[in-house]
Structures are given as structure tokens and as C-alpha cells.
1. Quote the FRET efficiency, to the nearest 0.05, computed for His205 versus Glu233 with a Förster distance R0 of 25 Å and r equal to the Cβ-Cβ distance.
2. Place a +1 charge on the Cβ of each Lys and Arg in the chain and a -1 charge on the Cβ of each Asp and Glu, then give the dipole magnitude about the Cα centre in debye, rounded to the nearest 20.
3. What number, rounded to the nearest 500 deg cm²/dmol, is the helix-based mean residue ellipticity at 222 nm of the chain, given -39500 (n - 2.57) per DSSP H run of at least four residues and division by all its residues?
4. Would you order Met201, Met220, Met104 from fewest to most other beta-carbon atoms within 10 Å of each residue's own beta-carbon?
5. GNM, the chain, Cα, under 10 Å: largest mean-square fluctuation among Asn101, Asn136, Asn179?
6. Within the set of other residues whose C-beta is less than 13 Å from the C-beta of Leu19, count the net charge using Lys and Arg as +1 and Asp and Glu as -1.
7. What is the helix-to-structure angle for 150-163, meaning the angle in degrees between its Cα long axis and the longest Cα principal axis of the chain, kept from 0 to 90 and rounded to the nearest 10?
8. Along the charge dipole of the chain, which of Met104, Asn41, Tyr213 sits closest to the positive end, that is, farthest toward it, with unit charges on the beta carbon of Lys, Arg, Asp and Glu (+1, +1, -1, -1)?
Amino acid sequence: MKSGPLLKAERIVKSFGGLRALDGATVEVRAGFFTLVAGPNGSGKTTLINVITGVLRQDGGRIFYKGRDISHTAPFERRRLGIVRTFQTPRVAQRLSVLDNVIMGVLQRETPKWWGWREAERKLADKAYEALKLVNLAHMWDRPAGELSGGQLKLLELARALVAEAEVILLDEPGAGLNPALARELFAALRAVAQRGVGVMAVEHRLDIALDYVDYAYFMHEGKVVVEGAPSEVFRHPLVAEVYLGQ
Ligand code: ADP
């Protein structure tokens, strides 16, 4: 790994009253990597995502994006720079097609000039279809989005982030509420997205399902990263078993 990380959250501290939700955690997101942040409930994972997206302001530590300190930039500015967070329950226009929903994600950001509309629309539709193919949802392109299952909605949102040219995609418990087969499908899609050069970081309560798909894992406990490395090694680490068994 010669090149630097796309995003680095360095020694982040965040307290709520007397509680240190983050206590010096450092994580990196690399382009082309699917990175996992695991840890028991309350270990600070969601807070970390909120600090990285700028929704919460850290009390200490810094955030770098492409080497630039973005610790004090507004959430919308981070979004504009290409740091995108996807949500538990994606918002879609139920009656519009899956493809149109993906296209809409981009149009919210930029409206093509009227004289270039046809051409811009065709290009966008191609791009949206490519993204749907990558996340394994192309067979549903002309169906109303209201027909999609919970897992498929998450795939749609991923396609949207891709078309909107996200460079870092952050996900909070993407596997939550999905049966193991669908969770695996989603993780496979996330891996495919990362392999396209995007930096993907997912936060998950459990390590086991994501293990086969991620390139690098952090394990958090009480606001600190206590173990990190190759996912299989992190999973086997005695401290990880101890923390989960102690719950
Ligand atoms: P995780 O995502 O790993 O379950 P969180 O980041 O949600 O952990 O929470 C870390 C700790 O911070 C927990 O003890 C939680 O109760 C606390 N916490 C999170 N958000 C807030 C908040 N807005 N106000 C007070 N305490 C919070």
C-alpha cells in the first residue's frame, strides 16, 4: 500500500456529558478497499460515522480527506467532496422506476442545461444502468421502486451513491434487518463497488457475515480501536472473543 488513505479519522475524541463515546479512535478508508468497523453495541461506531460526515463535531482529533484537513467543514461540503453516507431505510419515490430513482439521486445535485438535456439524460441513464448492474439489480430497472425488498432498496441506494460519484461510501449496519443470504448479497455488492476504486467503510455489530467480503477490519471497544488488521486475524483475536463473550 504505497498511496495514502483517501480518508483518515485520527485520534478522534467525542464525549456526551461525562461519557467518552470516542476515546482516541483512528481509522482509515482506502480507495479500492472495503473496510469494516466492528464492535459491540455502544463501542462508538455510529458516533464515528457521525463525526466523519460532520453531523457531530469531535472534541479532539482530526479528519483528513485526500490529505486535506476537513475537521471543521460542514456536512454538505463533505458530501460535495464525495463523502456519502447511506441510510438504514433509503428514501425512494415508490411509483418511479428503479432506474429513475437512481437518476434522481444525481439530478438533485446538478441540473443539466436545457440544450444538453437529451444527451445528458442518455448519459445519466447509461451510468445508472451500469451502477445497477454492478450491484446486481439491473433485472429490476423498469420496476416501480415500491416493489423492492428491504435488501434491494439498500442496493438501489448504493447504485445512487455510485452515480453521484461518491468516493467514500459510509454505511451504518448495512446488514441490519436482512436475512443472511441478502446480507451476503449486499456485502458482495459493496465489495464490487470498492473494487471499482471507491473507499467503502461499513460499521457492523457482528463480524462473522462481513468477514468473507472485507479487506481490512477495525474492532472497537469503549471508544477505542483495540484490534485491527486482516479480517480473519481480527476475528480470531482473543480480545475480540473476550469482548463479545463478556456482553
Ligand atoms: P455503537 O454504534 O457502537 O453502538 P454509539 O456510537 O451509538 O455506539 O454509542 C457510543 C456511546 O455513546 C454509547 O454509550 C451511547 O449511549 C453514547 N451516545 C451516542 N450518542 C449519544 C448522544 N447523542 N447523547 C448521549 N450519548 C450518546
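Readers should treat all values here as calculations from the given coordinates under stated rules, not as data from a laboratory. Keep in mind the model is a prediction, meaning the values are calculated, not measured. For neighbour counting, all protein chains shown are included, and Cβ atoms are generated from backbone atoms with ideal geometry for every residue, glycine included.
1. Numbers: r = 20 Å, r/R0 = 0.78.
Computed FRET efficiency for His205 and Glu233 comes out at 0.80.
2. Details: 33 positive and 28 negative charges, 137 e Å.
Result for the chain is approximately 660 debye, rounded to the nearest 20.
3. -11000 deg cm²/dmol
4. Values: Met201 30, Met220 26, Met104 17.
Placing the least packed residue first, the sequence is Met104, Met220, Met201.
5. Evaluated over the chain, the most mobile residue of the options is Asn179.
6. Values: positive: Lys14, Arg20; negative: Asp23, Asp59, Glu222.
Net charge in that neighbourhood comes out at -1.
7. Once rounded, one gets 80 degrees.
8. Farthest along the dipole direction, towards plus: Met104.
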